[in-house]
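Okay, so here's the structure we're looking at.
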Amino acid sequence: MQSTDLGNKESGKIWHRKPSPATRDGRTSIHQLFVERLLCAKDASKCWGRRRNKTHFRFSGVLWSLRIGVIIVNIIHNTSDYHPKVLRFLNVAFDGTGDCLIAGDHQGNIYVFDLYGNRFNLVQRTAQACTALAFNLRRKSEFLVALADYSIKCFDTVTKELVSWMRGHESSVFSISVHASGKYAITTSSDTAQLWDLDTFQRKRKLNIRQSVGIQKVFFLPLSNTILSCFKDNSIFAWECDTLFCKYQLPAPPESSSILYKVFAVTRDGRILAAGGKSNHLHLWCLEARQLFRIIQMPTKVRAIRHLEFLPDSFDAGSNQVLGVLSQDGIMRFINIQTCKLLFEIGSLDEGISSSVISPHGRYIASIMENGSLNIYSVQALTQEINKPPLPLVKVIEDLPKNKLSSSDLKMKVTSGRVQQPAKSRGSKIQTRILKQDLTSDFESKKNELPDGLNKKRLQILLKGYGEYPTKYRMFIWRSLLQLPENHTAFSSLIDKGTHVTFLNLQKKYPIKSRKLLRVLQRTLSALAHWSVIFSDTPYLPLLAFPFVKLFQNNQLICFEVIATLIINWCQHWFEYFPNPPINILSMIENVLAFHDKELLQHFIDHDITSQLYAWPLLETVFSEVLTREEWLKLFDNIFSNHPSFLLMTVVAYNVCSRVPLLNCNLKDDFEFFFHHRNNLDINVVIKQVYHLMETTPTDIHPDSMLNVFVALTKGQYPVFNQYPKFIVDYQTQERERIRNDELDYLRERQTVEDMQAEADQQRAEDEAWYQKQELLRKAEETRREMLLQEEEKIIQQRQRLAAVKRELKVKEMHLQDAARRRFLKLQQDQQEMELRRLDDEIGRKNLTENQAAVAKEMRADADAYRRKVDVEEHMFHKLIEAGETQNQETQKVIKENLAKAEQACLNTDWQIQSLHKQKRDDLQRNRCYQQVAKLLRENRRKEIERLNAMVEQEAKKWKEAEGKEFCLRSAKKASALSDASRKWFLKQEINAAVEHAENPCHKEEPRFQNEQEDSSCLPRTSHLNASSEMHPSTQISLNRRAVEWDTTEQNLIQKVRNLRQRLTAQARHRCQTPHLLAA
């Protein structure tokens, strides 16, 4: 069962694969199809005429490709909103053709379902629930819908527009009945019924009733102008449509079976009314006799009847015999109202039916389920009791065969049948008379009787009259003539065995363009080979089967059984000389040809043309190479209708009718071409010649005396076919099996070799890929190495630039420090000079004050002498001071220069030490990088080690150089100490000289200055490294003066000089300690 969800789609396919209206085993009865199409030509053109090939109608196989059960499709409607929900269908109605239906749900969505075109369309959204539908109006595209607001609207399914809007009801409309002409419609609610003119959409009449009497249903009787109104008090009235005159009223039902009618149904001819209610009794009324003629009691499980519907039949002339009864349990049971037999049922307790509608032609049942979905049932899949043809009314008088009965035994047989008619009030019946016949006549009659009500003799008469069977019914007649059993189980077992090994490569020998046709041919041949082993070795079997496969490609079962029947009956004795052609059969043909045309046979003999050339090609291809499709079908109409010898006679007739072109052929190739290609030959002449040969051929050479009569396939299981030399077939089978085994061994060995070759190729490819990968790794390694070298060069260059920048910054810093130092020293010198001048001024003022105070009066005479003495002493002392200051300035200058050089050397040494440390860190980092690279580049380890060793040696040299510089620094310190010592000695000498000078001012002054200069010149140059040395305070100088004033003045002056020198010494010491701190 297919299920289709409409969702939010407005149009689409009902099913994706067209389902088959199958019977209970999944296939359609051919008898039903034949009879139905025979009487319903229009419907047959719809269902069978849409084929693109030249065969207009098929009467074999399943209707469609998919085998399903009784439900063709289940239609549901789920919304895909945020909160999905199921939309329930409420009403459904078929159109007049029965192939299209309309359905509405409780939200007012109305869909049209085209079962023939496999399409659905949303034609209207009314936004309110529909309570009734009608789709059989005069204008086929219009439909009526009753809505929940008590109105009736008419819409067009093509334009989807509103045609009319009819109002007038005051309660919900639950029924719409349309007149057979489509001109009028009756709408029924619980309180009233209204008659509408559908041409003008105006209300013509309104049925008003008392409030106490409700309306059950008002509807038109089919094929008449009568309106039937049924009320809740069980009263039923019939009205004339045009005049609304009351024609009659049905009597009340008997009290013993009195029920309240709720539902009604009428046959198509309007003669029988079925009524039911809350009971398991069903009342059947004859409307012509206006009386209740039958009461049917339903099974006990039926307690109430909810819906009634007659099932139309193609052969009952409107007097429907099958009634569908929907009970309270949701199951709809279909019964025969004449035999009271339950035919079938739909629905179940789990999936109950709410309401059902049957199509006018009786093919479909549309049921709204209790869950709101819509099921479409196939009536043909549900039962075979309907659409049966009536018994034949043709009377046939036949003569018995001459060779079996004499003229005195000839008797007449008259057969008749009856047509099933609805029950009549007067009980009239069709009387038939059957003349008695003897047993021989009965046997012959039974022998000629075929399935499905056909007669072989009558078909032969029809065939002789028209030359062929009707195209629409040919397949049906063939199946009846061949009496095919349709063994589904047996055929399925053969198909399940799969494709036979012989036909695995069939497409190579027979390259058929259609893949479907090739697949069907392969399956059919495989089934034949599985049926009998001889067919797996028959080389001409594909040629024999191909025309039947092409004809029955949509029904493989019928195709197989037709070919099997052909082989059993028309191919008798073909396999006795296997694997050679059937010599016995060819001999029969040659004997018949020799009797009827000796000249042609002699011509064949003269040119060495045997029956294997002029007869066997026609037989093995069953004339499919030399005839067109229509000619071949016409020929096999006659072959299947006659004795199996008819096929052999056809070969003779074909040669006889072609004697003129054959007598003109002299080459063997011309004969071969003639019997393998189509020729300009009238098949009707050939068939006529065949019948002539069948009648005029003597009995002793007639093939029918050597061939058995027709034997049909057995039902259930296919017969065993062993009419062949078993030992030859077994030997060939063994040889073929041996060859197959050898071939399998060879294929296995070749597969092994191919596998080894594939493994070798794979290994070679893997090796090549590995080498390529190694090459790529090597190239990548070289690329990375070059990149590392480039990065190292860049880093070295950056370091060099950084060192240069640092060096420039250091030089600038040193220059700035030197300038600041010079500025500071100059400031100190200026301050010292100012201090000395101030001291001089103070000394002068004090001296003047003391001289004036001390010897104002007593030593005025000695003042000038004293002044001269003081001037001389001051002049000498100033010279000494100036000489010391000059010497100190020069010494400071030299010491400053040496100090700057020492600081520069220290800075250079520090920079070099820092550079070495940084270089060492870089070396360590580079060593780690090299170690990582060395894992991939083991070949370069030696060079890297040498490089590292060289760097270590360079580092050692740098350390040695640093140690040398440290030694130089220590030497400089020692020299500075010596300089300090020399300065101390010099100061002592100066102090001593000053003391001596104080004692003896004018004694040997010049030589002492010379000695001092010589001593100062002999000082080592290392004394110039420091600006000043550390000086200690001199010892106390005791001066013995002659006078008290000189002693006090001298002591004060010496004390001031001592203080001045101490300050100078402290400043020099401070300046000397600063470079040492920088060097440290």
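A few remarks follow.
- Top-ranked residue in the range 136-149 [being assigned to a loop (DSSP other than H, G, I, E, B) and under 18 Å from Gln107 (Cβ atoms); ranked as nearest to the chain's Cα centre (by Cα)]: Ala148
- Check on Leu713, among the hydrophobic types (A, V, I, L, M, F, W, C) and not in a helix (DSSP H, G or I): yes
- Residue check, Phe675 touching a Pro at 6+ places or on another chain (Cβ under 6 Å) and closer than 17 Å to Glu625 by Cα: yes
- Subset of the range 662-711 [of a type in the set (S, T, N, Q) and closer than 20 Å to His573 by Cβ]: Thr697, Thr699, Ser705, Asn708
- Pairs are defined by a Cβ separation below 9 Å, a sequence spacing of at least 6 or placement on different chains, a first member in the range 970-997 that is under 26 Å from Val1057 (Cβ atoms) and of a type in the set (Gly, Ala, Ser), and a second member that is open to solvent by 40 Å² or more (accessible area, probe 1.4 Å) and at pLDDT 75 or above; the pairs so defined are Ala994/Ile1054.
- Test set (1) surrounded by 15 or more Cβ atoms within 10 Å (Cβ to Cβ); (2) over 19 Å from Leu260 (Cα atoms) - Gln338 fails condition number: (1)
- Just one of the listed residues (Asn118, Asn136, Asn78) is in contact (Cβ under 8 Å) with a residue 24 or more places away in the chain, open to solvent by 30 Å² or more (accessible area, probe 1.4 Å) and farther than 25 Å from Thr200 by Cα, and it is Asn78.
- Filter pass, Phe604 being open to solvent by less than 30 Å² (accessible area, probe 1.4 Å) and either at positive phi or of a type outside the set (Ser, Thr, Tyr) (or both): yes
- Entry remark, the range 550-570: residues being among the aromatic types (Phe, Trp, Tyr) and surrounded by fewer than 23 Cβ atoms within 10 Å (Cβ to Cβ) number 1 in total.
- Close pairs from the range 769-788: first within 17 Å of Cys929 (Cα to Cα), partner not in a helix (DSSP H, G or I), Cβ under 8 Å, at least 6 apart: Glu781/Leu937; Arg785/Leu937
- Hits in the range 561-580 (condition: in contact with a Phe, Trp or Tyr (Cβ under 6 Å, 6 or more places away or on another chain) and assigned to a helix (DSSP H, G or I)): Val562, Ile563, Asn569
- Of residues in the range 664-679 being more than 56 Å from the chain's Cα centre (by Cα) and either loosely packed, with under 12 Cβ neighbours inside 10 Å or of a type in the set (Val, Ile, Thr) (or both), the one farthest from His596 (Cα to Cα): Asp669
To keep it simple, each residue is scored yes or no on (1) at pLDDT below 90; (2) under 55 Å from the mean Cα position of the chain (by Cα).
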| site | (1), (2) |
| --- | --- |
| Leu244 | yes, no |
| Pro251 | yes, no |
| Ser256 | yes, no |
| Ala265 | no, yes |
| Ile272 | no, no |
| Cys286 | no, no |
| Ile305 | no, yes |
| Leu308 | no, yes |
| Ser314 | yes, yes |
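- Subset of the range 244-259 [in contact with a His (Cβ under 7 Å, 6 or more places away or on another chain) and more than 15 Å from Phe231 (Cβ to Cβ)]: Ser257
- Residue match in the range 541-548 (condition: more than 18 Å from Glu620 (Cβ to Cβ) and surrounded by fewer than 20 Cβ atoms within 10 Å (Cβ to Cβ)): no
- Count of the range 345-375 residues which are closer than 22 Å to Gly98 by Cβ, open to solvent by 10 Å² or more (accessible area, probe 1.4 Å) and not polar (S, T, N, Q): 8
- Meets criteria (more than 26 Å from Leu635 (Cβ to Cβ) and open to solvent by 10 Å² or more (accessible area, probe 1.4 Å)) for Asn505: yes
- Hits in the range 298-314 (condition: in a loop (DSSP other than H, G, I, E, B) and among the charged types (D, E, K, R)): Lys301, Arg303, Asp313
- Within the range 121-133, the residues that satisfy the criterion of being assigned to a strand (DSSP E or B), surrounded by 15 or more Cβ atoms within 10 Å (Cβ to Cβ) and not hydrophobic (A, V, I, L, M, F, W, C) are Asn121, Gln124, Thr131.
- In the condition set (1) among the β-branched types (Val, Ile, Thr); (2) surrounded by 15 or more Cβ atoms within 10 Å (Cβ to Cβ); (3) closer than 25 Å to Pro360 by Cβ, Val158 is compliant with all but (2).
- Residue within the range 703-724 that is touching a residue at least 12 places away in the same chain (Cβ under 8 Å), over 30 Å from Pro485 (Cβ atoms) and not small (Gly, Ala, Ser) present: no
- Residues satisfying the stated conditions in the range 248-297, i.e. surrounded by fewer than 14 Cβ atoms within 10 Å (Cβ to Cβ) and either part of a strand (DSSP E or B) or in contact (Cβ under 8 Å) with a residue 40 or more places away in the chain (or both): Tyr248, Gln249, Pro251, Ala289, Gln291, Phe293, Gln297
- Only listed residue being assigned to a helix (DSSP H, G or I), touching a helix residue (DSSP H, G or I) at 6+ places or on another chain (Cβ under 9 Å), under 30 Å from Thr1065 (Cα atoms) and of a type outside the set (Ser, Thr, Tyr), chosen from Arg822, Arg807, Arg784: Arg822
The values are calculated or read from the model by the stated rules, or taken from the named source; none is laboratory data. Since we're looking at a predicted model, the values are computed, not measured. Cβ: placed from backbone, ideal geometry, glycine included. Neighbour counts: every protein chain shown. Each accessible area value is taken on the protein alone, full model and side chains, heavy atoms only, with ligands, DNA and RNA left out. Shrake-Rupley method; radii C 1.70, N 1.55, O 1.52, S 1.80 Å.
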